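Report on the following structure.
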Amino acid sequence: MTATLFTNAALRGHDRLQDLLVEDGRFRLIGPDLAPQLAAQGRDLARMDVVDLGGRLVSEPFCDTHLHLDYVFTSRKPGAANTSGTLFEGIQRWGETKADLTVDEVKARARRAVAMEMRHGVQYIRTHADVTDPQLTSLRALLELREELADLVTIQIVAFPQEGMYSYPGGAELVEEGLRMGADCVGAIPHYEACREFGERSIHTTVELAARYGRLIDVHCDETDDPNSRFAELLAALAHAEGIGAMTTASHTCSLGSADDSYFFHLTKLLKQARMNFACAPTENLYLQGRQDTFPKRRGITRVKELTDAGINVSLGQDSMQDPWYPLGNGNMMIILDYVLHLAQMMTPAEIDRALDLLTVNGATTLGLREGYGIDEGKPANFVVLDAPDAFGAVYERADVVMSVRAGRTLFTAPDALRTDVPLLADHLRPAPPIAARPFAAAGQFTRA
């Protein structure tokens with residue numbers, strides 16, 4: 001039996017510092033000053049690894065609930081430049097340049113992106129894989145990667161018809177083949193279909209496939225400034241009728257940012273009944289949307305604040321890392337969080353204190369993984385340590401993740417330079433900068449007793 005005692009951890013919801021006893025990859029005991037209690041039980045602390053976290057914030061691992069791992073690091077590929085900065089040119093450029101994809105090069109690029117996300121505390125990723133390709137190259141690559149990295153990161157894969165389920169020849173059949181191959185989720189892109197009827201048909205097919213194969217749903221939905229794009233409504237109604245609303249995610253839903261309040265008020269009742277999830281990619285949609293506006297220009301994101309206030313689950317995604325849609329992106333979800341708090345104007349003290357939920361428990365809800373997720377006794381010991389004393393400090397400073405632990409295994413520490421025995425991280429990441437000196441950190445350089 002392997003045991004590690006992590007001491008002096010700041011946990012959200014606790015006024016006092018807590019200790020975490022991890023045994024055989026699970027949280028066995030959580031409470032303040034556990035050493036005397038363990039000694040009284042006859043436990044030999046001298047034979048136990050003891051890691052002093054120095055008052056830093058311990059959080060559930062981050063979830064990136066919307067990413068395209070097959071697209072990463074292709075923005076400077078010949079022919080991939082998106083000069084208009086629009087969603088639709090991005091799709092066009094990708095379609096024109098994806099013919100030479102191979103499984104090995106998709107995996108190599110995706111592996112690097114996963115390492116970057118892990119370095120920033122992400123342990124759960126939902127990636128879309130373009131299946132509008134008769135060879136299904138992206139999907140085959142990401143299915144292999146999912147299995148190879150399963151001990152390090154949980155990857156869900158969406159069978160996603162980037163060029164349309166019914167606008168691309170055989171698109172619906174390719175989505176279904178993706179499910180047979182092992183994709184976790186059914187995807188669609190109704191607003192990109194050639195006509196509204198094709199878009200509606202794609203939503204019906206998505207729900208039918210999810211019910212037939214027992215899979216989750218994640219639809220690129222209403223990613224447009226057009227307030228008349230209302231596929232989220234149809235998706236929620238059909239998923240609710242099928243009893244799978246909580247297994248369904250509407251990604252982007254930018255049109256809700258342009259819709260009037262009377263429509264949103266009407267829609268909210270259905271969304272709450274369906275328990276449908278929303279995934280927002282704030283940096284990407286800020287960049288892509290509003291391109292046909294002069295001034296005023298729309299912000300381009302969905303109604304994160306209003307959905308959250310209505311009790312509807314919202315999570316966040318990086319979406320892109322240097323691809324034809326978005327030339328930046330480094331997998332740091334604290335940056336994504338910072339953007340959404342500004343764009344959605346969510347900065348009351350209570351909203352800031354709850355903000356990390358958008359990256360953690362809300363993300364796990366979107367992914368359907370809440371049962372085994374969280375810092376609770378008996379659950380898998382998956383957590384990250386942020387260089388901040390509390391949730392407010394973490395958000396305020398966009399705090400670095402200085403330790404990541406999965407199933408009790410320390411994936412990395414970065415108190416002053418990156419230290420890891422995981423080849424994936426060592427091969428792709430540069431040393432981290434020194435931790436900024438703070439009073440609370442004086443005793444906490446991850447010393448081992």
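The values are calculated or read from the model by the stated rules, or taken from the named source; none is laboratory data. Computed from a predicted structure; not experimentally measured. Here the Cβ positions follow ideal geometry from the backbone for every residue, glycine too, while neighbour counts run over all protein chains shown.
What's the number of the only condition in (1) more than 24 Å from the chain's Cα centre (by Cα); (2) surrounded by 21 or more Cβ atoms within 10 Å (Cβ to Cβ) that A236 fails to meet? Every listed condition holds for A236 apart from (1). The single condition among (1) more than 24 Å from G257 (Cβ to Cβ); (2) surrounded by fewer than 17 Cβ atoms within 10 Å (Cβ to Cβ) that A350 does not satisfy is (1). Exactly one residue out of T7, T65 is out of contact with any His (no Cβ under 7 Å at 6 or more places or on another chain), assigned to a strand (DSSP E or B) and farther than 28 Å from N362 by Cβ: that is T7. From the list T348, T360, T366, the lone residue that is more than 17 Å from the chain's Cα centre (by Cα) and within 27 Å of S251 (Cα to Cα) is T348. Screening E23 on (1) over 19 Å from E377 (Cα atoms); (2) surrounded by 14 or more Cβ atoms within 10 Å (Cβ to Cβ); (3) touching a residue at least 40 places away in the same chain (Cβ under 8 Å) shows it passes everything except condition (1). Candidates A99, A46: the one that is farther than 30 Å from G368 by Cβ, out of contact with any strand residue (DSSP E or B) (no Cβ under 6 Å at 6 or more places or on another chain) and not assigned by TED's automatic domain parsing to the domain that holds Q289 is A46.
For region 118-134, indicate whether the set of residues that are part of a helix (DSSP H, G or I), assigned by TED's automatic domain parsing to the domain that holds C280, closer than 30 Å to A399 by Cβ and in contact with a helix residue (DSSP H, G or I) (Cβ under 8 Å, 6 or more places away or on another chain) is non-empty. Within region 118-134, one or more residues are part of a helix (DSSP H, G or I), assigned by TED's automatic domain parsing to the domain that holds C280, closer than 30 Å to A399 by Cβ and in contact with a helix residue (DSSP H, G or I) (Cβ under 8 Å, 6 or more places away or on another chain).
Residues of region 7-17 that are within 16 Å of G374 (Cα to Cα) and surrounded by 20 or more Cβ atoms within 10 Å (Cβ to Cβ): A9, A10.
Considering S75, S59, the condition of being of a type in the set (S, T, Y), within 30 Å of D390 (Cα to Cα) and within 23 Å of the chain's Cα centre (by Cα) is satisfied by S59 alone.
Selection over region 260-280 of residues that are within 14 Å of V304 (Cβ to Cβ) and part of a helix (DSSP H, G or I) gives a count of 3.
Residues that are outside any strand (DSSP E or B) and among the charged types (D, E, K, R) within region 373-413 comprise D376, E377, K379, D387, D390, E397, R398, D400, listed in sequence order. Take the conditions assigned by TED's automatic domain parsing to the domain that holds V186 and farther than 17 Å from I312 by Cα and apply them to D225. Does it pass? Considered against the rule, which asks whether it is assigned by TED's automatic domain parsing to the domain that holds V186 and farther than 17 Å from I312 by Cα, D225 comes out as yes. Here H128, H204 are screened, and the one residue that is of a type outside the set (V, I, T) and surrounded by 20 or more Cβ atoms within 10 Å (Cβ to Cβ) is H128. Considering (1) touching an Asp or Glu at 6+ places or on another chain (Cβ under 9 Å); (2) touching a residue at least 40 places away in the same chain (Cβ under 8 Å); (3) surrounded by fewer than 24 Cβ atoms within 10 Å (Cβ to Cβ), the lone condition that G55 does not fulfil carries the number (1).
Residues in region 6-49 that are under 29 Å from the mean Cα position of the chain (by Cα) and over 30 Å from I352 (Cβ atoms): L21, E23, D24, G25, R26, R28, L29. For region 302-322, a tally of residues being closer than 21 Å to Y124 by Cα and assigned to a loop (DSSP other than H, G, I, E, B) returns 7. Filter region 143-175 for residues that are farther than 19 Å from T127 by Cβ, touching a helix residue (DSSP H, G or I) at 6+ places or on another chain (Cβ under 6 Å) and either of a type in the set (K, R) or in a helix (DSSP H, G or I) (or both) and give the result. The one that is farther than 19 Å from T127 by Cβ, touching a helix residue (DSSP H, G or I) at 6+ places or on another chain (Cβ under 6 Å) and either of a type in the set (K, R) or in a helix (DSSP H, G or I) (or both): A172.
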